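Below: the structure, in structure tokens.
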Amino acid sequence: MSPLTCADAISAAIVINGPIPVAHFMAAANRHYYATRDPLGASGDFTTAPEISQMFGELIGSWLADLWDRAGRPAAHYVELGPGRGTLAADAIRAMRRAGLEPAVHFVETSPVLRAEQAKRHPGAIFHDDVTTLSEDAPLLIVANEFFDALPVRQLVNTASGWRERHVVWADPLFVPVASGPALDDILPDHLRTAPIGSIIETSPASAAISRQLAHRLAAQRGAALIIDYGYEGPAIGDTLQAVRGHAYANPFEEPGERDLTAHVDFATLAEAARAEGAVASHFATQRDWLLRLGIAARAERLSAGAPDRSGEIATALARLTAPDQMGTLFKVLAVTSPDWPQPVGFAE
Ligand code: SAH
């Protein structure tokens, strides 16, 4: 008999308990997906900014070091959420060291496969299952790149009989999304009542909760968080749940656990949650503007001057990170800081 797959486990749960919310489906699929592989790079399913160029992590390290320096150079913890292969951390820590900052290193990571990969590059790193166990004794310097997009979203869909939560049913051999459960119109804002039938809205309670927890810590023990992801300044109407496999888009309801499921990040909600806990949330910047304000063009020139044989590759990486038709404008950057820390650079006033 072949071993039970993630799809078998989810379909069995649906047969026993009935349709499951999209958020449960996404959480179960991603838990299996990340726990069983390193998805990054050319031979994997997708490539992220730190895997494209060392410039990305180095600029993040310099940004953190600049804030820390202006905050009076306190002892601090570097915290990364979902650090992937540990590449961003390696580049950022190198840049921080050059500025005299040598923080303890903490990784919030649930995947045993990726933890092993991260531990190879960062033997001293301290691992956490979630943000509740992070140290409380010193300011936190927090980075989350393409972390929030992997967290589950609930989807609500407008039907002829009102807004209902989108669930997943098992119609052997397919998983199919359907609107189900009670009508939710009474708990939604009025303007949504006139939305066309079939409209979908998303919310990510898990993301808002983490933003709140981080902001609470920053307000209490000081520090800064940098959140980078693809997303919108929301709230917006639209179904952004997507699956990627082998660098191509795929159906998010097929082969759960074998494809990377993501949804666009609602930055407005993350910022609001942070402000509600007493932290300061920056304006949103596009990844393009933020990297250019931090001097990525000059950094690329210097790297090319030092390695002329690599100048084509460096120019390609710069374009991938900043061009509007690549990662430049789809990706957004948000900084959250404690109220008594200095203003971060890279954001419009
Ligand atoms: N930041 C990295 C990797 C992005 S992939 C980069 O930019 O290359 C998403 C990362 O988040 C992976 O490391 C994955 O294992 C981790 N992750 C996903 N869901 C998580 C969760 N609920 N808690 C902690 N880590 C999670």
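The values are calculated or read from the model by the stated rules, or taken from the named source; none is laboratory data. All figures in this text were calculated on a predicted structure; none of them were measured in a lab. Glycine gets a Cβ as well: all are built from the backbone with ideal geometry, and neighbour counts include every protein chain shown.
When ALA348 is tested against (1) farther than 14 Å from ILE228 by Cβ; (2) modelled with pLDDT of 95 or more, exactly one condition is not met: (2).
Could you check how many residues of segment 302-348 are touching a residue at least 24 places away in the same chain (Cβ under 8 Å) and loosely packed, with under 14 Cβ neighbours inside 10 Å? Spell out how you get there, then give the answer.
If we filter segment 302-348 for residues that are touching a residue at least 24 places away in the same chain (Cβ under 8 Å), which is where we start, we get 303, 314, 317-318, 320-324, 327-342, 344-348.
With loosely packed, with under 14 Cβ neighbours inside 10 Å added as a condition, the list becomes 323-324, 339-340, 348.
Summing the residues that are touching a residue at least 24 places away in the same chain (Cβ under 8 Å) and loosely packed, with under 14 Cβ neighbours inside 10 Å in segment 302-348 gives 5.
Candidates are the residues of segment 11-24 that are touching a residue at least 24 places away in the same chain (Cβ under 8 Å) and in a helix (DSSP H, G or I); the one that is farthest from VAL153 (Cα to Cα) is VAL15. Within this structure, ALA42 fails the test of being more than 13 Å from the ligand (Cβ to nearest atom), at pLDDT 95 or above and surrounded by fewer than 24 Cβ atoms within 10 Å (Cβ to Cβ).
Given ASP8, ASP69, which one is at negative phi, touching a Leu at 6+ places or on another chain (Cβ under 9 Å), surrounded by fewer than 17 Cβ atoms within 10 Å (Cβ to Cβ) and assigned to a helix (DSSP H, G or I)?
Values: ASP8 fails: touching a Leu at 6+ places or on another chain (Cβ under 9 Å).
Of the residues listed, the single one that is at negative phi, touching a Leu at 6+ places or on another chain (Cβ under 9 Å), surrounded by fewer than 17 Cβ atoms within 10 Å (Cβ to Cβ) and assigned to a helix (DSSP H, G or I) is ASP69.
Selection of segment 108-126 for residues being surrounded by fewer than 17 Cβ atoms within 10 Å (Cβ to Cβ) and more than 10 Å from the ligand (Cβ to nearest atom) yields ALA116, ALA119, LYS120, ARG121, PRO123, GLY124, ILE126. Here THR47 meets the list (1) of a type in the set (S, T, N, Q); (2) more than 16 Å from the ligand (Cβ to nearest atom); (3) surrounded by fewer than 18 Cβ atoms within 10 Å (Cβ to Cβ); (4) modelled with pLDDT of 95 or more almost entirely, failing just condition (2). Of the residues examined, ARG70 is not one that is under 30 Å from SER311 (Cβ atoms) and over 22 Å from the mean Cα position of the chain (by Cα). Please work out which residue is farthest from the ligand (Cβ to nearest atom), limiting yourself to segment 29-39 and to residues that are surrounded by fewer than 20 Cβ atoms within 10 Å (Cβ to Cβ) and closer than 23 Å to ARG166 by Cβ. Restricting to residues being surrounded by fewer than 20 Cβ atoms within 10 Å (Cβ to Cβ) and closer than 23 Å to ARG166 by Cβ, the top hit is HIS32. One residue stands out in segment 238-272 among those that are within 27 Å of LEU214 (Cα to Cα) and among the small types (Gly, Ala, Ser): the one that is surrounded by the most Cβ atoms within 10 Å (Cβ to Cβ), namely ALA263.
Selection of segment 92-145 for residues being within 18 Å of LEU67 (Cβ to Cβ) and either in a helix (DSSP H, G or I) or of a type in the set (Ser, Thr, Tyr) (or both) yields ALA92, ILE93, ARG94, ALA95, MET96, ARG97, ARG98.
Results for (1) away from the ligand (no atom under 16 Å from the Cβ); (2) in contact with a Gly (Cβ under 9 Å, 6 or more places away or on another chain), shown as yes or no for each residue.
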{"site": "HIS106", "(1), (2)": "no, no"}
{"site": "ASP130", "(1), (2)": "no, no"}
{"site": "LEU134", "(1), (2)": "no, no"}
{"site": "TRP163", "(1), (2)": "yes, no"}
{"site": "HIS167", "(1), (2)": "yes, yes"}
{"site": "ILE187", "(1), (2)": "yes, no"}
{"site": "THR203", "(1), (2)": "yes, no"}
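Let me spell it out: the conditions are (1) touching a residue at least 60 places away in the same chain (Cβ under 8 Å); (2) touching a Pro at 6+ places or on another chain (Cβ under 7 Å); (3) not aliphatic (A, V, I, L, M), and PHE107 meets all of them except one. Which number is the exception? So the condition that PHE107 fails would be (1).
Among the residues that make up segment 57-66, is at least one of them within 11 Å of the ligand (Cβ to nearest atom), β-branched (Val, Ile, Thr), in a helix (DSSP H, G or I) and crowded, with 19+ Cβ neighbours inside 10 Å?
Yes - at least one qualifying residue is present in segment 57-66.
The set of residues in segment 162-207 being in contact with a Leu (Cβ under 7 Å, 6 or more places away or on another chain), closer than 30 Å to ALA279 by Cα and among the aliphatic types (A, V, I, L, M) consists of ILE201, ALA206.
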